[in-house]
Amino acid sequence: MFLSDIEDGTNIFVYHFSANSRFNLSCTDFLERIEKGKIHGITSASVVNEVAHRIMMEEAILTLPDLKAKDIIKYLKNPC
């Protein structure tokens, strides 16, 4: 897969952290090029916020296997 195959507006960090994504390797390679200083990369607070939210949701789904994915947010807001 190539970055050019990804739709506009897609968060490459989400693909990077999603091991099962078909774009995982392309996005990881891209981010590694930024890290090594080969290219310049920028992002925004809203992108970082989206990534943090998605990672938190994935962790909650793995940690709370008895809950359905659709019920995770409700549970996290009121765990009692």
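Out of the residues in the stretch 1-19 that are assigned to a loop (DSSP other than H, G, I, E, B) and of a type outside the set (Ser, Thr, Tyr), state the one that is modelled with the lowest pLDDT.
Met1
Does Arg33 satisfy the condition of being within 14 Å of the chain's Cα centre (by Cα) and either part of a loop (DSSP other than H, G, I, E, B) or not hydrophobic (A, V, I, L, M, F, W, C) (or both)?
no
Kindly indicate the residue of the stretch 42-79 that is surrounded by fewer than 12 Cβ atoms within 10 Å (Cβ to Cβ) and assigned to a loop (DSSP other than H, G, I, E, B) and also modelled with the lowest pLDDT among those meeting that condition.
Ranking the candidates gives Pro79 first.
If you go through the stretch 69-80, how many residues are more than 21 Å from Val14 (Cβ to Cβ) and either among the charged types (D, E, K, R) or touching a residue at least 60 places away in the same chain (Cβ under 8 Å) (or both)? Give the steps one after another, and end with the answer.
Of the residues in the stretch 69-80, the ones more than 21 Å from Val14 (Cβ to Cβ) are 71, 74-75, 77-80.
In the following step, the residues that additionally are either among the charged types (D, E, K, R) or touching a residue at least 60 places away in the same chain (Cβ under 8 Å) (or both) were identified as 71, 74, 77.
Total meeting the criteria: 3.
Being within 21 Å of Leu76 (Cβ to Cβ) and not hydrophobic (A, V, I, L, M, F, W, C): is that true of His53 here?
yes
State yes or no: is Arg22 of a type in the set (D, E, K, R), part of a loop (DSSP other than H, G, I, E, B) and out of contact with any Leu (no Cβ under 9 Å at 6 or more places or on another chain)?
Taking the combined requirement at face value, the residue satisfies it.
If you take the residues in the stretch 5-25 that are farther than 23 Å from Glu59 by Cα and touching a helix residue (DSSP H, G or I) at 6+ places or on another chain (Cβ under 9 Å), which one is surrounded by the fewest Cβ atoms within 10 Å (Cβ to Cβ)?
Here the residue is Asp5.
The values are calculated or read from the model by the stated rules, or taken from the named source; none is laboratory data. Just so it is clear, the structure is predicted and the values come from calculations on it, not from any experiment. We place every Cβ from the backbone using ideal geometry, glycine too, and count neighbours over all the protein chains shown.
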